[in-house]
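Have a look at the structure below, then the notes.
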Amino acid sequence: MKRILVAVLLIVPVVLAGAAGWWARGRTLAPKLETTYQAVLLVNGQVYYGKLQGLGSAYPVMTDVYYVQMGVDPATKQTKSVLLKRGNEWHSPDRMLLNARQILMVEPVTSGSRVANLIAELKK
């Protein structure tokens, strides 16, 4: 009888721990995004600025998306960076579905930053 009791006392915690691990699998808490816009760096080096939703899921969604395009000013021959809004492309996308495995880093875009100020100017 003591052997059965000892066996039960040893097995029950192991089974409960396994059940808890199985239940919690895939239920990680997503980071809280506290700024309006986020900068998302992809593994291919592209950076997008926008409103990110669903971080922690397999396919987060980004809306109100902006990106930087480099160009040469023909008059001065100097390289120039311009912030552009996505959506003016031929297919007029209103959102981006991102593969979470391709996201290298997510950072907040603070309200006083240059990017936030450029976005505010573009929205006028």
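Of K51, K77, which residue is among the charged types (D, E, K, R) and closer than 22 Å to A120 by Cα? Outline the logic, then answer.
On the way: K77 fails: closer than 22 Å to A120 by Cα.
None of the other options fit; the residue is K51.
So, in segment 38-59, of the ones that are assigned to a strand (DSSP E or B) and aromatic (F, W, Y), which residue ends up surrounded by the most Cβ atoms within 10 Å (Cβ to Cβ)? Full working, then the answer.
From segment 38-59, those assigned to a strand (DSSP E or B) are 38-42, 47-53, 55, 57; that's our starting set.
Filter once more, so that each one left must be aromatic (F, W, Y): 48-49.
Numbers: Y48: 18, Y49: 25.
Step by step, filter segment 38-59, then rank; the result is Y49.
Just for segment 60-83: of the residues that are part of a strand (DSSP E or B) and charged (D, E, K, R), which one is farthest from K32 (Cα to Cα)? First the steps, then the outcome.
Initially, segment 60-83 is screened for residues part of a strand (DSSP E or B), giving 61-72, 79-83.
Within this subset, residues satisfying the condition of being charged (D, E, K, R) are 64, 80.
Details: D64: 19, K80: 34 Å.
Restricting to residues being part of a strand (DSSP E or B) and charged (D, E, K, R), the top hit is K80.
Read-outs throughout are calculated quantities, based only on the coordinates presented, and are distinct from any laboratory measurement. Everything numeric here is computed off the predicted structure, so don't read it as measured data. Note that we place each Cβ from the backbone using ideal geometry, even for glycine, and neighbour counts take in every protein chain shown.
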